[in-house]
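Participant: Structure provided below as structure tokens; questions to follow.
The values are calculated or read from the model by the stated rules, or taken from the named source; none is laboratory data. Given the structure is predicted, the values throughout are model-derived calculations rather than measurements. Ideal geometry is used to build each Cβ from the backbone, glycine not excepted, and the neighbour counts take in all protein chains shown.
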Amino acid sequence: MTEAATLFGESGSLAGIVTEPEPQPDSSKYPAIIYINPGLLPRVGPHRVHVKLARRLYKAGVTSLRFDLSGIGDSAPRHDRLPARESATQEIQEAMSYLTERSGKREFVLFGICSGADYAFRVGCTDRRVVGLVLVDGYSYRTLGNRLRHYGLRLFRRRSWANVLTGKHPLWKWLSMRESSEKLPQERPSLGFYRKPSRREADAGLRAMVSRGVNLCILHSHSHWYNYRSQFKHTFPSIGISPQVNVEYLNFADHTFTLLASQDALVDRVESWLLDADRSPRARKL
Amino acid sequence: MLPYFFGDPREQLLGVYHAPDNHPARDVGVVLCYPTGYECVGALRAYRVLARRLAKARFHTLRFDYYATGDSAGESEEADLDRWLSDVSTAVDELRASRDLPRVALVGLRLGATLAALVAPQRSDVESVVLWEPVVDGHAYLKGLRARHQLWLTSERHERPAASRHVSDHEVLGYPLTERLARSLGLVDLVDIDLPPADQILIIAGNDEPESNKLDARLRSLGITPDRLHLAEFPSWTEALESPQPLVPSRSLDAIVTWLTRETQ
């Protein structure tokens with residue numbers, strides 16, 4: 001296997017690893033994959049899942065680049081005070097240009113977990129070089145089904161009632177915040193580098209990409225925010241049934257894919273999506 | 001800063017070299033040995049800052065991923081203590097050969113410190129060693145890892161009942177723990193060493209202060225009086241790992257650089 005360490009980008013200070021297969025008869029049919037940092041985790045991804053996936057796909061002839069955004073892992077911080085989301089967008093585009101120059105790749109799949117999915121979505125919306133996105137634990141919005149499962153399950157849990165009786169239940173905090181007129185949190189608390197768009201904005205972006213021919217692999221672990229198989233379809237009914245959109249739900253996986261079985265499942269699902277001629281970005285080329 | 005692969009091309013290790021900021025560079029290189037598994041992720045930022053400060057103090061500095069970790073070759077299932085020991089030696093050889101250095105210092109945190117302590121006495125070119133909260137008793141370390149994993153699993157079973165069906169006996173907090181690795185970790189006992197790792201040793205103690213004291217006593221019995229330092233920012237690294245943000249204990253890193261600068265004059 002050929003893996004090479006590199007520094008690239010406008011400032012020459014973005015650190016990454018290129019996994020470059022030997023030229024194979026049909027390797028040029030696959031777009032290259034770019035892995036984006038989830039939050040502040042380094043380029044190897046949570047528990048090395050980016051490395052595992054890159055090496056698995058290498059065997060099928062897929063070129064990839066896993067790199068650190070500025071200020072994360074081995075990449076130097078920027079000094080231009082550009083907000084993190086803008087610099088991330090710019091640097092992902094620099095990563096695509098770098099792979100074009102190095103390997104002749106012109107079409108890309110962006111792979112992002114959590115804030116990485118946010119960045120991937122934003123670049124995918126505007127950059128036509130992006131032909132596929134793998135969004136892992138990207139945007140999720142609570143639906144009726146989500147709330148019924150979340151609260152319904154808790155009604156029958158002894159621990160929930162014990163928490164209510166001992167004052168530890170979040171309900172009490174909610175009530176005290178309400179009494180003191182503090183602003184109540186509406187959605188997932190946002191870190192500085194992650195801003196969740198409204199459901200309408202996300203829907204518009206996803207629809208625009210699908211109509212442009214971008215293939216999407218949406219994968220969710222189990223959380224309060226995403227807790228049943230059809231939640232994506234119920235959230236985005238207009239694109240949830242599109243053949244270009246592949247939705248996976250791993251009910252046993254946590255957000256950082258801690259269990260080895262969840263890491264394997266993530267790698268398996270993405271591999272089969274990318275290599276499946278009917279569902280993946282490759283289909284566009286056949 | 002230069003990331004590059006070194007070692008056997010089929011089993012290459014990813015290193016990141018930090019060149020000295022100013023001339024003349026010191027003739028002692030510093031090899032930084034990461035902790036492993038879940039303890040490593042929270043330490044990476046601190047290591048990067050430490051490497052930069054060492055470079056500013058005119059040290060050639062190399063940090064690297066052991067085989068089957070980070071970006072180095074090997075699947076996570078291939079993690080192996082003997083292999084990691086030989087990786088530390090490979091990294092020392094690499095830094096010395098590439099920068100034409102006669103001597104090196106090793107800095108390790110947790111299991112990284114243990115690897116440094118075990119490799120150093122086998123070589124004649126390691127002048128100083130910094131042992132930051134070393135894993136002194138491998139059996140206790142394993143027990144602690146497994147207990148932490150069980151704690152996580154208990155909460156996981158509550159949050160994600162389906163997870164119970166997918167748990168393997170050979171994993172700990174996101175990383176494989178093969179029987180071979182567990183067996184070799186369980187045999188680690190720094191109190192049992194026959195030779196001191198180096199002439200100059202700095203021990204940074206944390207929660208395992210009694211263990212560090214035992215190591216201290218053993219080193220004294222071998223004729224070496226180690227220097228001691230306590231973290232300025234928090235009681236111990238292992239406790240601080242609970243923090244959701246990457247940690248940079250700045251004053252303690254400065255203390256390491258100052259100690260290395262003094263000891264390698």
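Participant: Looking at (1) at pLDDT below 95; (2) under 19 Å from B:Thr114 (Cα atoms); (3) surrounded by 13 or more Cβ atoms within 10 Å (Cβ to Cβ); (4) not aliphatic (A, V, I, L, M), which is the one condition that is false for B:Gln200?
Facilitator: (1)
Participant: Filter segment A:229-266 down to the residues that are farther than 22 Å from A:Arg149 by Cα, free of Cβ contacts under 8 Å to residues at least 40 places away in the same chain, in contact with a helix residue (DSSP H, G or I) (Cβ under 6 Å, 6 or more places away or on another chain) and within 14 Å of another protein chain (Cβ to nearest Cβ) and list them by number.
Facilitator: Scanning segment A:229-266 gives A:Leu259, A:Ala261.
Participant: Let me ask something else about it. Quick test for you: out of B:Leu131, B:Leu115, B:Leu145, pick the one residue that is in a helix (DSSP H, G or I) and within 13 Å of B:Cys33 (Cβ to Cβ).
Facilitator: So the residue among B:Leu131, B:Leu115, B:Leu145 that is in a helix (DSSP H, G or I) and within 13 Å of B:Cys33 (Cβ to Cβ) is B:Leu115.
Participant: Could you look through segment B:48-87, keep only residues that are polar (S, T, N, Q) and assigned to a helix (DSSP H, G or I), and pick out the one that is farthest from B:Gly112 (Cα to Cα)?
Facilitator: Within segment B:48-87, the match that is farthest from B:Gly112 (Cα to Cα) is B:Ser76.
Participant: If you check B:Ala97 against the conditions, is it without any contact (Cβ under 8 Å) to a residue 24 or more places away in the chain, away from chain A (no Cβ under 14 Å), under 30 Å from A:Leu250 (Cα atoms) and outside any loop (DSSP other than H, G, I, E, B)?
Facilitator: no
Participant: How about segment A:73-88: which of its residues are within 14 Å of chain B (Cβ to nearest Cβ), touching a helix residue (DSSP H, G or I) at 6+ places or on another chain (Cβ under 9 Å) and not hydroxyl-bearing (Ser, Thr, Tyr)?
Facilitator: If the condition is that a residue be within 14 Å of chain B (Cβ to nearest Cβ), touching a helix residue (DSSP H, G or I) at 6+ places or on another chain (Cβ under 9 Å) and not hydroxyl-bearing (Ser, Thr, Tyr), then A:Gly73, A:Asp74 are the ones that fit.
To keep it simple, each residue is scored yes or no on (1) more than 23 Å from the chain's Cα centre (by Cα); (2) among the charged types (D, E, K, R).
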| residue | (1), (2) |
| --- | --- |
| A:Met1 | yes, no |
| A:Ala5 | yes, no |
| A:Glu10 | yes, yes |
| A:Pro21 | yes, no |
| A:Tyr30 | no, no |
| A:Ile34 | no, no |
| A:Asn37 | no, no |
| A:Gly45 | no, no |
| A:Ala54 | no, no |
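Participant: From the list B:Leu106, B:Leu14, which one is in a strand (DSSP E or B), within 13 Å of chain A (Cβ to nearest Cβ) and closer than 30 Å to B:Leu142 by Cα?
Facilitator: B:Leu14
Participant: B:Leu115: touching a strand residue (DSSP E or B) at 6+ places or on another chain (Cβ under 7 Å), within 24 Å of B:Thr238 (Cα to Cα), within 14 Å of another protein chain (Cβ to nearest Cβ) and crowded, with 17+ Cβ neighbours inside 10 Å, yes or no?
Facilitator: No.
Participant: Still on this structure, I have one more. Scan segment B:58-65 and tell me whether some residue there is of a type in the set (Lys, Arg), more than 14 Å from every other protein chain (Cβ to nearest Cβ), over 23 Å from B:Leu187 (Cα atoms) and over 19 Å from the mean Cα position of the chain (by Cα).
Facilitator: Yes, segment B:58-65 contains a residue that is of a type in the set (Lys, Arg), more than 14 Å from every other protein chain (Cβ to nearest Cβ), over 23 Å from B:Leu187 (Cα atoms) and over 19 Å from the mean Cα position of the chain (by Cα).
Participant: For the condition part of a helix (DSSP H, G or I) and over 26 Å from A:Ala253 (Cα atoms), what is the one hit in A:Ser97, A:Ser70, A:Ser75?
Facilitator: A:Ser97
Participant: A further question follows. Of the conditions (1) in contact with a helix residue (DSSP H, G or I) (Cβ under 6 Å, 6 or more places away or on another chain); (2) without any contact (Cβ under 8 Å) to a residue 24 or more places away in the chain, B:Ala147 clears all except one; give me its number.
Facilitator: Evaluating B:Ala147 over (1) in contact with a helix residue (DSSP H, G or I) (Cβ under 6 Å, 6 or more places away or on another chain); (2) without any contact (Cβ under 8 Å) to a residue 24 or more places away in the chain leaves (1) as the failure.
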